[in-house]
Amino acid sequence: MVVDHRDHMGNGIPNTASLVSSQHLESSSSSTASSTLSIGPAVTSTVASSSPPLQGAAGIETTTFTQTLSSTITLRHTTTLGSASVPDISLTSLTTSAVQTATATVAHGTTGSVHTSLETSGNPTIVPFPTSISNATSTLSLVSTETLGGAGPTATVQVTSIQATDIFQPIATDAPPSQIPQRGDHPIPRLGVQQQTEKLQTNKFYANFFLGDQAAGTWTHPYSIAWARGGGETDSWGLSISHVERSQLATGIANSSIAAGEWSFFANPTGIQSLVLSAAELGNGTTLTTDSLEAFSVNVNLVDSASSQPRITFPLVQGMAFVTGRYNSGTPLVQSGIGITSLTYAGAVINGTTYKYRTVLQNGLTWLIYVTPASAGYSENSFTLLSSGTIQGPSGFGGYIQIAKVPTGSSDAESIYDASAGVYPVAANISGSVDGTAGSYTLSWSKQGVTSRSLLMFGLPHHIASLSYTTTAGVMELQLVTTTKGTATAIRGDSWTLNEPSLPISMSFAPWTQQGGSIATVSAEAVAAINAAGYAELMQNISQQTNVGSLYYDGKALAKFAAICYTVNDLGNNASLAQTGLIVLKSAFALHVDNEMSFPLAYDTAWGGVVSSSTYQTGNIGDDYGNTVYNDHHFHYGYFVYAAAVIGYLDPTWLNANKAWVNTLVRDYGNSITDDPYFPFQRNFDWYHGHSWAHGLIETADGKDQESSSEDTMASYAMKMWGQIIGDINMEARGNLMLAVQKRSLQNYYLYTTDNTVEPAEFIGNKAAGIMFENKIDHVTYFGNAPEYTEGIHMLPLMPFSTLSRSSTFVLQEWDAYFSSSGIKPVDQVSGGWKGILMANLAIVDPVTSYNYFSNSSGNFSLGDLDGGASQTWYLAWSAALGGHPGSYKEKRQDVLFADELDELREELSGKKEENGYIERRATRSGSMRSSRLRQRTRGTDTEGRLTHVSDVW
């Protein structure tokens, strides 16, 4: 296997600055050996053709190849095709079902690249929080609530129902506040991007087409697409199309001392050119441009040096069943880096309109080619297999060609494709509504071509599980595996409606569970502990912690102190302490609203967004986790929005002066409309994938990525609560629907219980994804591979939304695998802020142990166990409200797990493993198999039978 480490500009050079993924951290020499790539044996085909011998440079094929067949496979061939096209008179005329076969005896193959190291440019290489917090140096002088006048919490009742018929209404459309200066000198150029009215998307699936050398991959699911750019097996200048099967995955063997799965990563090889849609006119000098950059789609144009107009335009839409190329008076070439065994003309699927060809590649897989000419005088059988690497169509062709892959073993695939051939999507629109506690959203597509036909689109597993009854009628028996999102299923129809029947409408600032709702009442002892911790923590230097030169760290600290103020007010019943802290918190927040930080915000007119000025000043695109180049905006700004919501709740008079600034941040990462003159629609959240992408304007070999699924949900939660506080019912409803969609998506793709069938069985033992890319999942973080990092990055911050996506089943399985006394790294071996995160996460299934830890009744809590975005105050309230202290849960916690119930859940999960034929196949510590041992447990319970501790002995 060729392992190609590209730097962030796409240069094929070793990226020595990269932090290698987990398998390299164990041994740098094992990375290639532990990765496997199966493409299948080469096939040699000798077949005859009725075409006359081709003469001259235009018809000569020069083929060289090398082959190495072993566990590491290298297959390469080079094809040189003349710049001139074959004359139309040389093209074969065929009848229906006539088969063309290649003349040469050529062993074609392909070289796929697998990128096993992390491209760290613009990504963090340090833990995502300050590692130390200075002790308080002064005492608090509590304000009297009698002197506060009208200040005080918003008088609101718990929300139990929402009515919103159109949740995609404007937040605002005015310019960003005047204290945020505008500038047009963004460090990342808009390479080939054509002018458009809508603001440009920075974090969507197609960004590689305008970044770096424009040749890195794009993933529409299920297809992988890239500009060949004169390279690869075909030396083509067209658009390469591939689809990778699970048998082709490259994988890393997990280090059992840090990971609970069998694989440390799985990746799909890139650079395989199954088919390439090109034109004879394209060659050296071809340029790639993009237009119509929207949330779900883009147009990619290939312009040859002799023309100012695109020779081919590719409308790329997420989930498209066909890859479509629209030709503008070109000579079509369909090329293959794998090699073509045969081309069969199958006749018209729409009389006089669309014609079908079937091609079998030398790996035995079948692809379909549909040709829809613009001219009525088109000769329907004028595509000819010139060689084992090239099919050519007639010169001057206008119309479009569509490509689709036939899955192995499918008897109905061709007829399903046939019924939708000739029509193709060009863009998508989304609408949504909330009715009571249920929500729904509809994806509808604009289409071109034979518009009387219905579209065929591929849905991901979370789509299939939430389709409305009407939409399910379009589900077809046609599936193709995707790179990282399981198996995609074809759905016929011009729109889908997807339902989320249980929105977290009742979730507020207080600890929350799906069964119990918000829990703002705790025991008297817990109230005393909360107020004591709150008093101590509000004596910390709030101004210092919230102004450290990083929007991310500043936001986390503001959110931390906002949570403390809320907690002592609502759960501690201490308005005086809350308002005392709030005064300092509002001052710290004002520093950012006034834009007086060391690296103030700027509005970037080039791409359309609010960014840190840090990179402008230093030239380092990695500053503040790449904020200037649009990395992590939902992470960074979500903390500010949450803090603002709490401040506005505790002091409604604050809102008028600050609402526009906070709305600007929401519009930047979570905008609700497509025609906002300053911000794009939903920069981060991807309504097709059901989660956000954190990666901005940096080219990457494996596409967009996101590390922290929990901070993703934090951003949506913050938007929900801010909408509730300012009375924007559509924002509140939209946040609720996003949280429900994220729960469904994360539980499929990020957080794995043992019954997960979406991701490979060898990987789900890791429990949390690590880093989710479009093309691979790597169980690691950008700052290290310790278990508390890789699992914990999907926990922080522990907030009311945490119990939504992190089910009790998942938390229990993850804890047992990693942090229990028999886990890979028992929690007692974890130190610093990560220990606090793990113990707060434990409260979801064992709140008593969690509360005892944070109240220090166990004697092993230290303030050093809190990260810079967390507080003892909130963790006490969190664990107490979830059932950690008697009296805190009597009315609300019907869902808390008692000791015997916890063991029953473990037994049930164990039974599910056996039913599913699941065996923990990895070799484990001490050279034994964990699944071969009997587990013995001792447990402690309180007087009500509630779990106080669990110890596991293997």
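Only Cα sites of the stretch 261-380 enter the Debye sum here, all with the same form factor; the resulting log10 I(q)/I(0) across q = 0.17, 0.20 1/Å is -1.08, -1.33, listed in q order. Each label was represented as a point 7 Å from its Cα along the Cα-to-Cβ direction; for Gln829 and Ala606 these points are 4.7 nm apart.
Karplus-based coupling profile of the stretch 676-692, in residue order and whole Hz: 5, x, 10, 9, x, 6, 6, 3, 9, 6, 10, 6, 7, 7, x, 8, 9, with θ = phi - 60° in 6.51 cos²θ - 1.76 cosθ + 1.60 and x standing for Gly or Pro. For the stretch 496-549 versus the stretch 475-492, the spacing of their alpha-carbon centroids is 39 Å.
The residues of the stretch 700-804 present an accessible area of 13 Å² per residue when probed at 1.4 Å with all protein chains retained.
Per residue, the stretch 579-644 exposes 22 Å² of solvent-accessible protein surface, assessed with a 1.4 angstrom probe and all protein chains in place. Rolling a 1.4 Å probe over the protein heavy atoms of the stretch 545-650, with every protein chain left in place, gives an accessible area that is 49 percent carbon and sulfur. Kindly provide log₁₀ I(q)/I(0) values, in the same order as q = 0.11, 0.21, 0.26 Å⁻¹, from the Debye equation applied to equal alpha-carbon scatterers of the stretch 704-788. Once normalised to I(0) and log-transformed, intensities are -0.38, -0.95, -1.20.
Neighbours of Thr359 by Cβ distance under 13 Å: Lys/Arg scored +1, Asp/Glu scored -1, total +2. Using 0.36 nm per residue and subtracting the Cα-Cα separation, the extra length available between Tyr469 and Thr145 on full extension is 111.2 nm. Modelled label positions at Thr197 and Leu863, each set 7 Å beyond Cα in the direction of Cβ, lie 5.8 nm from each other. Packing order of peptides 173-180, 829-836, highest average first: 829-836, 173-180 (average count of other Cβ atoms within 10 Å over each peptide's residues). Annotation: amide H-H contacts under 5 Å for Ser446 (H modelled 1.01 Å from N, sequence separation of 5 or more, or interchain): Val426, Ala427, Ala428, Asn429. Values of log10 I(q)/I(0) for the stretch 404-528 across q = 0.20, 0.22 Å⁻¹ run -1.16, -1.30, by the Debye formula with one identical scatterer at each alpha carbon and no solvent.
When the Cα convex hull of the stretch 319-464 is projected onto planes of every orientation, the mean area is 10.4 nm². Hydrodynamic estimate: the Kirkwood radius of the stretch 145-269 over Cα pairs, inserted into Stokes-Einstein at 20 °C and 1.002 mPa s, corresponds to D of 100 µm²/s. Across the alpha-carbon set of the stretch 526-617, the Rg to Rh ratio works out to 1.11, Rh being the Kirkwood radius.
Relative to one another, the C-alpha centroids of the stretch 178-192 and the stretch 571-638 are positioned 18 Å apart. Surface exposure of the stretch 806-892, expressed per residue as accessible area with a 1.4 Å probe, stands at 26 Å². When a 1.4 Å probe is rolled over the protein heavy atoms, the share of accessible surface on the stretch 262-413 that falls to carbon and sulfur comes to 44 percent.
The values are calculated or read from the model by the stated rules, or taken from the named source; none is laboratory data. Fair warning: this is a prediction, and the values are worked out from it, not measured in the lab. Positions of Cβ are generated from backbone atoms using ideal geometry, with glycine treated the same way; all protein chains shown enter the neighbour counts. Side chains are part of the model used for accessible areas, which takes the heavy atoms of the whole protein and leaves out ligands, DNA and RNA. Shrake-Rupley method; radii C 1.70, N 1.55, O 1.52, S 1.80 Å.
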